[in-house]
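The values are calculated or read from the model by the stated rules, or taken from the named source; none is laboratory data. If you're wondering where the values come from, they're calculated on a predicted model, not measured in any experiment. Backbone-built Cβ (ideal geometry, glycine too); neighbour counts: all protein chains shown.
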Amino acid sequence: MTRRGQISIESVFLGAFVIMLLGTIFSLYRFHSLGSTTSPGHDLPSTYQGVLNSLRNDARWAGQVEIQENAMVFSGPDATTVTYSIVDGSLLRREANNRATTLLTGLRAGGFDAAAAPVRLCSIWLLPLDDLDMPFFTSFALRGPRP
Amino acid sequence: MELLLAACLLSISLVPLLYVFRLTRPPERKTAMEFQATLLAHHVLERIVAEKEADPNALPQMTPEEPIVIREEGYRAVSSYFRPLLGHEQGLEESHNGRLFWSLKPFQCQVDTYYLENHLYKVIAYITYEEDGRKKRVFLERLLDHPLPQSLSSLSPAEGAP
């Protein structure tokens, strides 16, 4: 039996339960809404990380690199080739005769470079369209067997 | 008394809530500068690996903190790990590629090296920069194998001796 103006222990537990339930629902909503706003396409470091991983994987098996106009061709054993090229502001990767896949879009400029022989090192630089976005520059040592 | 008890219980019920709230925060992402510094440290180590592969006897040198592009002051040499860069023997200047130059200018490169046991040589590439008024540093490290220097090999006991 409760007296007027006082709170029963059941009401306190009920209040705590309601607060926790509402808080959990809010946290779940927050978790899902944040997850949907950070898609890789809008997160430049994540997109760059994809480019980095792709180039690093190809540099592992490639024994030779050839720099062409707006393109870089990795060659490996068994005449395997992979071409990275910059076409219409997009960075593309194409394996031999397969269809090219787009790794990055929205580029203002970019290029490739290779160190003088016998050092087997290739470099890539990319400038995004938006001047406020950070450019990409790094290099990769070729780890495949020398031709 | 009962009000006090109610307040206590309600406060305690907020503790797991705060924990759940913290869990749902997005993970701290690398800032653009930190990511760029990581890419530059990656460049340095890859260059060292490529030079070592071309000449197995070559070992990278320890260097102090040095700029990675040519600065207008001109009295500090560009880090040898960024020379040549994109076809420019003395390093990158503003006139070569303005936007890339300005994005690389805030960074400096330092390389530390150590001889370790078992014919190992440790290389640590540091890239330093300032962000929010604080000096920050990103580093990547790598172990290389090396022939023992002549001075040390003469001191060590002959291998295979009885």
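Looking at this structure, is B:GLU89 exposed (fewer than 14 other Cβ atoms within 10 Å of the Cβ) and among the acidic types (Asp, Glu)? So that I can check it myself, show each step before the final result.
Numbers: exposed (fewer than 14 other Cβ atoms within 10 Å of the Cβ): yes; among the acidic types (Asp, Glu): yes.
Criteria met by B:GLU89.
So A:ASP58 clears everything in (1) among the charged types (D, E, K, R); (2) facing chain B (nearest Cβ under 9 Å); (3) under 18 Å from B:LEU39 (Cβ atoms) except one condition, right? Which one?
(2)
Across segment A:57-80, what is the total count of residues that are assigned to a loop (DSSP other than H, G, I, E, B) and of a type outside the set (Gly, Ala, Ser)?
3
Within segment A:56-105, how many residues are more than 16 Å from the chain's Cα centre (by Cα) and among the polar types (S, T, N, Q)?
10
Would a scan of segment B:122-139 turn up a residue that is surrounded by 15 or more Cβ atoms within 10 Å (Cβ to Cβ), over 14 Å from the mean Cα position of the chain (by Cα) and either at negative phi or among the hydroxyl-bearing types (Ser, Thr, Tyr) (or both)?
No, segment B:122-139 has no match at all.
Would you mind stating whether B:GLU66 is within 10 Å of chain A (Cβ to nearest Cβ), surrounded by 15 or more Cβ atoms within 10 Å (Cβ to Cβ) and not hydrophobic (A, V, I, L, M, F, W, C)?
The answer is no for B:GLU66.
I'm told B:ASP112 meets every condition in (1) over 26 Å from A:ALA114 (Cβ atoms); (2) buried (at least 16 other Cβ atoms within 10 Å of the Cβ) except one. Can you identify the failing condition by its number?
(2)
B:ALA37 passes all but one of (1) free of Cβ contacts under 8 Å to residues at least 60 places away in the same chain; (2) among the small types (Gly, Ala, Ser); (3) buried (at least 22 other Cβ atoms within 10 Å of the Cβ); which number fails?
Looking at each condition in turn, B:ALA37 falls short on (1).
In this structure, does A:LEU92 turn out to be within 23 Å of B:LEU100 (Cα to Cα), without any contact (Cβ under 8 Å) to a residue 40 or more places away in the chain, surrounded by 15 or more Cβ atoms within 10 Å (Cβ to Cβ) and more than 11 Å from every other protein chain (Cβ to nearest Cβ)?
yes
Report yes if A:ASP78 is modelled with pLDDT of 85 or more and surrounded by fewer than 11 Cβ atoms within 10 Å (Cβ to Cβ), otherwise no.
Against the criterion (modelled with pLDDT of 85 or more and surrounded by fewer than 11 Cβ atoms within 10 Å (Cβ to Cβ)), A:ASP78 does not qualify.
Within segment A:106-146, which strands (runs of 3 or more DSSP E) (wholly inside it) include 1 or more residues that are within 8 Å of chain B (Cβ to nearest Cβ), aromatic (Phe, Trp, Tyr) and closer than 21 Å to A:VAL87 by Cβ?
On the way: elements: A:107-114, A:121-128, A:136-141.
In segment A:106-146, A:121-128, A:136-141 are the strands (runs of 3 or more DSSP E) which contain 1 or more residues that are within 8 Å of chain B (Cβ to nearest Cβ), aromatic (Phe, Trp, Tyr) and closer than 21 Å to A:VAL87 by Cβ.
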